[in-house]
Structures are given as structure tokens and as C-alpha cells.
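A quick write-up on the structure given underneath.
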Amino acid sequence: MKIREVEGDIIETTGGNSYAYAQKEIINSSEEVVSQVGAESGVKYGKPLIPILVYEESYIVHFRPNRTWKGEFGFDWVRNGTDSTVQVDERYSDIVGKYGMHYATSKKAKFIKSFQEYFKCVKEYNVISSIREKYYIPFLTLLGGQEVTLDLYYRISKITDSVEFDYNKELFTVILNQSHPSEEGTYYNANAITIRALKSFNKNQSIKIVKIEDGIKSIVGELVIVKNGEIKNVKILLINVSYPTIDGQKDISPEEILVLRNSLNQAYILPDIEELSDDLVVESNWYDEIFFTAKTKGDKKVLDDSNIRSIVHYFDDIFMNEKENDIYNMYYRIYSVPNSKNLNGIAGGVGNEKAVVVFGNRDNTTTVSHELLHAMGLYHSFDNDAGYTFEIYKTDNIMDYSHHKNKNRFTTTIWQWRKLNDKL
């Protein structure tokens, strides 16, 4: 028994629902008046609703993307390196920090991991607390009508009576493709659950995994589906640039366009992609004038890094100075130009930009997306201005350089989704 005596008032405010549950009786009594007021729907009476309690550590389930995931939907979670089958899964506490005075791509760069920066980062995620650890709830972006299949990772030290899903059945269908484990242990069930969004919704939703033991419900796993009712539409124009004396022209491929669509869809951005029917023909000596604007003492032309970004504006000025192209003023414009010297692509800046350039010698299918996301406001994942700084080459984020280490890059994070789509 617990007794509390208070001489003054007790006021309790909650932003959501408030539950009181007892397996026997609840007695409210007062020497004056007992009031129950429901402002909108009055006071309801009916069968008791057993509340879902906090999760406990004897039975834990994590939602994770499967091994074949290539960014077809957005999925973001606090990585710990032990509970997924994706190719790149470095523990966040080891790779979040800051770089010193030298940029991450410099040979002199020094990365310093920081628990302070790590704790700032993980505050982006909702938490279910437990005794031993914190359960960081992952985020999923799912368009109306879209279906995904995920893995379930179990840690079980005590078998429970039953396990069920708790979710809004008007918004989702949830199918368990494999039975929950029936014995204690650690299990990784691949393709264990299929979730389909039936329609759009304007508030974040959650799918909870709930265990029931002795009539008491406890959350043992959870997934947040980010509200998808505010879709952002963008127009994108693909422009091939030809230069008579330089080879290496390469059209933007269907695979690159698929990656581009996926990376934007992760932030609930739907692109309308058009391709200009005729090449933009550049007759001037741009290759020497723009690319190689410095010379060594031996009169050899070298790349002047300070002038690289002017390449984007150089082409964009030529194109947009034509009156007939005013109709493309609000488009994002991607210029595909002949080979460069060891550059895959370049954006004119980070944010508030409408044009990027990709080069014919680009060596991966993610460059187009990477550069466009720069223009739309995303820094490199290893940039100290990125909000949270990750060690270079250590993530599968599309804004990393991990492709240089033969790692797939295709993901984005919850804070990048918000940056790209302010409606979130």
C-alpha cells in the first residue's frame, strides 16, 4: 500500500492520454464534489481498458530493414553495430563527434569522437526506458499505398504468455510472416513482418509490439511511422551538355533516376523528372577557362579548387539566359557534362541552389542524388556544419563518401528528412 498526503492542490497535465488502471477497484471520494468532465465527447462508460505499460527487458524486439533494402523507403535508427544485417552498421557512439581544423577529406584531418555530440544526436529519437539500456524507437517513412517488409530482432530471457501488435487498423495492415520465437534466446527473423500504409495520415503513427503476461500488457518493441499527409513536390530537369572536342558524355541512367527518386521519397518528396530534348552545346573554351585556372611554375595547368563551384553557375547562366528557358526557373537543373579530372559531380552550394553538375566519368549511381541533395540543403555527413558529424566512410548515408570504400550509400536520417521537407 502507498499513501500520499498533500495539503494543497495536485495538478497533473499530460500532452496525450492519461490512464489509471487497477486489477480490483478504483475509488474516488470527496468531502465536497467529485467532477468528471469531457469537453468534447462527454464522459464514457464501458468495459475496462487494460493500459499498455512501459517495456521491460526480459522480452525485447527491434524493427530493422532487411539485407536487400536499397533505400526504397526511409528507415532510420540508432545504429549499434549488432542488431541488423545491412552492409554498413557502425555503432553511433563510435562514429559521432567533430573534425578539427582540417576538413574530413584532408590527409591531415583528425576525427574526435564525442559522447556529448552522440547524446545530442540520439535525442532526435523517441525513447522507451528500461533498467539496463535505452530503447531508441526507429523511424519509417511510408507513402500511402506503399508496402515494406522488415526484419525483427529478438532478445528473450523469459517467454511470455502471448505477443500482439498494437496499431491503427484503419491506416495500416500488419502481417507477421514468421511466428514469434517460443524459446528464450536471441533471434533474427528476416522478412518477419510486412506493413502496408492504406492511406495518408497527418500525425505520426506507431506500431507497438506488446507482450501480455498475467493480464498485464507491456511494450516490448515499437516503430514510428512519420506522418505522410504533407507531400512535397519538386520539378527536376535533366540537361545534357556537349562540348565538341571533349569525349565522355554520359546520359543520366535509369538506375541513377531510381536512386534519385528513392532518396527524395524517403523525405516524402515526389519528383517530377523531365529531360531536355536537345543538348546544351557550349562552344567556348570552358574546360580550360573554368577547370584549370591556375598554373605551376613550369607553366602546367592545374585544378584551382577555389573556382570549382563556378562551373555550375557557368552552365546555368548559359542555359537560363535564354528567354525560352524561363519556364524552368523553379526547376532543379542537373547538368550532365563530359569527363572531368577525378570529379564525379559538384553543387553550386549547400541550400538555396537550383543547379548541379555531374561528370561523365562519375563512377557510381548515387552522385546525381548526392549533388542534388547538396543543392536542397544537405551537407556531407562528415561536415561539422551537418548538424551531427559522423566519421567519414563510416555510414551508408548518401551524403557520405563511403562509396570510395566500396560501401553502398543510399540512406538518409530523420533530421535530413526534416531539412529537405519542412512540412515534416
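The values are calculated or read from the model by the stated rules, or taken from the named source; none is laboratory data. Since this is a predicted model, take the numbers as computed values, not measurements. So basically every Cβ, Gly included, is an ideal-geometry build from the backbone, and we count neighbours across all protein chains shown.
Testing Cys121 on (1) assigned to a strand (DSSP E or B); (2) surrounded by 14 or more Cβ atoms within 10 Å (Cβ to Cβ), one condition comes back false. Which one is that?
(1)
Quick one: in the range 217-248, which of the residues that are part of a strand (DSSP E or B) and of a type in the set (Ser, Thr, Tyr) is surrounded by the most Cβ atoms within 10 Å (Cβ to Cβ)? Show your work before the answer.
Of the range 217-248, the ones part of a strand (DSSP E or B) are 217-225, 232-242.
Restricting the remaining residues to those that are of a type in the set (Ser, Thr, Tyr) gives 218, 242.
On the way: Ser218: 18, Ser242: 14.
Looking at residues that are part of a strand (DSSP E or B) and of a type in the set (Ser, Thr, Tyr), I get Ser218.
Name the single residue that is modelled with the highest pLDDT among those in the range 369-424 being on the phi > 0 side of the Ramachandran plot and out of contact with any Leu (no Cβ under 8 Å at 6 or more places or on another chain).
For the range 369-424, the residue satisfying everything is Tyr393.
Quick one: Val43 ticks every box in (1) at pLDDT 90 or above; (2) among the aliphatic types (A, V, I, L, M); (3) under 30 Å from Lys208 (Cα atoms) except a single one, so which number is it?
The failed condition is (1).
Here is a yes/no grid of residues against (1) in a loop (DSSP other than H, G, I, E, B); (2) surrounded by fewer than 19 Cβ atoms within 10 Å (Cβ to Cβ):
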site	(1), (2)
Glu353	yes, no
His374	no, no
Tyr379	yes, yes
Ile392	yes, no
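Just the residues that are surrounded by 13 or more Cβ atoms within 10 Å (Cβ to Cβ) and assigned to a strand (DSSP E or B), please, taken from the range 168-192.
Phe172, Val174, Leu176, Thr186, Tyr187, Tyr188, Asn189, Ala190, Asn191, Ala192 - these are the residues of the range 168-192 that are surrounded by 13 or more Cβ atoms within 10 Å (Cβ to Cβ) and assigned to a strand (DSSP E or B).
What do you reckon, is Tyr268 at positive phi and crowded, with 17+ Cβ neighbours inside 10 Å? Give the steps one after another, and end with the answer.
Details: at positive phi: yes; crowded, with 17+ Cβ neighbours inside 10 Å: yes.
Yes, satisfied.
Here are some conditions: (1) within 23 Å of Phe111 (Cβ to Cβ); (2) crowded, with 21+ Cβ neighbours inside 10 Å. Phe359 meets all but one. Which one does it not meet?
(1)
Would you point out which residue out of Tyr153, Tyr135, Tyr125 is hydroxyl-bearing (Ser, Thr, Tyr), more than 23 Å from Gly229 (Cα to Cα) and at pLDDT 95 or above? It would help to see each step written out before you state the result.
Working: Tyr135 fails: at pLDDT 95 or above; Tyr125 fails: more than 23 Å from Gly229 (Cα to Cα).
Within the list Tyr153, Tyr135, Tyr125, the selection yields Tyr153.
Would you confirm, using the coordinates I've provided, whether Phe359 is hydrophobic (A, V, I, L, M, F, W, C) and at pLDDT below 95? Full working, then the answer.
On the way: hydrophobic (A, V, I, L, M, F, W, C): yes; at pLDDT below 95: yes.
Considered against the rule, which asks whether it is hydrophobic (A, V, I, L, M, F, W, C) and at pLDDT below 95, Phe359 comes out as yes.
Could you check the range 158-167 and list, in sequence order, the residues that are surrounded by 14 or more Cβ atoms within 10 Å (Cβ to Cβ) and not charged (D, E, K, R)?
Once the filter is applied, which keeps residues that are surrounded by 14 or more Cβ atoms within 10 Å (Cβ to Cβ) and not charged (D, E, K, R), the range 158-167 yields Ile159, Thr160, Val163, Phe165, Tyr167.
State whether the residues of the range 193-216 include one that is surrounded by fewer than 13 Cβ atoms within 10 Å (Cβ to Cβ), outside any loop (DSSP other than H, G, I, E, B) and in the same structural domain as Ser162 (by TED's automatic domain parsing). Talk me through it step by step, then tell me what you get.
Within the range 193-216, the subset surrounded by fewer than 13 Cβ atoms within 10 Å (Cβ to Cβ) is 199, 202-203, 214-215.
Now restrict to residues that are outside any loop (DSSP other than H, G, I, E, B): none.
For the range 193-216, residues surrounded by fewer than 13 Cβ atoms within 10 Å (Cβ to Cβ), outside any loop (DSSP other than H, G, I, E, B) and in the same structural domain as Ser162 (by TED's automatic domain parsing): absent.
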